[in-house]
Amino acid sequence: MEGIQVSLEKVGPQKNISVIKVGGYIDTTTSAELEHSLSSLLKASTYNIVIDLGNVDYISSAGWGIFISEIKGIRERHGDLKLVRMIPDVFEVFELLEFHYILKAFDTLEEAIADFDQNGGTVAARLETDQQPEPAMGGVAEPGASLNNDVDTEPQSDFEVEPEQGATADPIDEKLQQLVVEKPDLSVRQLIKELDSPPFGNIKLGWFQMRKYLKRLELDSKKKRMAYFNQRAAG
């Protein structure tokens, strides 16, 4: 089908995790092929599923709806559906629509596989899908639309990196705070690039990792970073 490419492979130590790799764009004209691949796995009683979106440029409400409509049934059968490798533009829509409260997302396939292993191949009862806030499906952006890189999404999700009690300060925390003081107007993407430079120790963070650190430091929007800058400057 023109506009989308879908392939399937088995991964994991026991080859019990199915990865659907998608390329192109997912909208009303192309989503049927993805929906068919997912339905085939469910009919075969395969419930540990990863959707690799690394080569997807755009997802419409029809595409997001496929994942949201199936997740409750998958978890009721002790499985899960995880998303990996979303590009920043796609992730921004994902977060804007608050789907991160419903679906787990990871930077890499390896992280998603490890998450299955940590949960014994099943999903812990985080929050029942029917108790989640209804996402605003009508808010999906059209291709090429501009989105704020620093959308606030409150309350914080359960994917936060919480510091342990008594733990020493994370050196990445300190470097991020230093970077914000020096350049408070940088976007998330620019912060990632700046942190991966000699003055800051060439620290490499993925998009999701950076968002976790910023949320933990309460610096997850430009407004908050400017407020932190002003506070430090005044002190």
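Some values worked out for this structure:
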quantity	calculated
The range 76-106: number of residues that are in contact with a Ser or Thr (Cβ under 9 Å, 6 or more places away or on another chain), closer than 24 Å to Lys193 by Cβ and in contact (Cβ under 8 Å) with a residue 40 or more places away in the chain	3
Selected residue (only one of Asp196, Asp173, Asp185 is within 18 Å of Arg225 (Cα to Cα) and either modelled with pLDDT of 85 or more or surrounded by 11 or more Cβ atoms within 10 Å (Cβ to Cβ) (or both))	Asp173
Residue satisfying condition, being in a helix (DSSP H, G or I) and surrounded by 22 or more Cβ atoms within 10 Å (Cβ to Cβ), within set Gly63, Gly73	Gly63
Residue within the range 47-54 that is over 16 Å from the mean Cα position of the chain (by Cα) and outside any helix (DSSP H, G or I) present	yes
Members of the range 31-40 that are out of contact with any helix residue (DSSP H, G or I) (no Cβ under 8 Å at 6 or more places or on another chain) and either touching a residue at least 24 places away in the same chain (Cβ under 8 Å) or not assigned by TED's automatic domain parsing to the domain that holds Ser69 (or both)	Ala32, Glu33, Ser37
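The values are calculated or read from the model by the stated rules, or taken from the named source; none is laboratory data. Since the structure is predicted, the reported quantities are computational estimates derived from the model, not experimental observations. Positions of Cβ are generated from backbone atoms using ideal geometry, with glycine treated the same way; all protein chains shown enter the neighbour counts.
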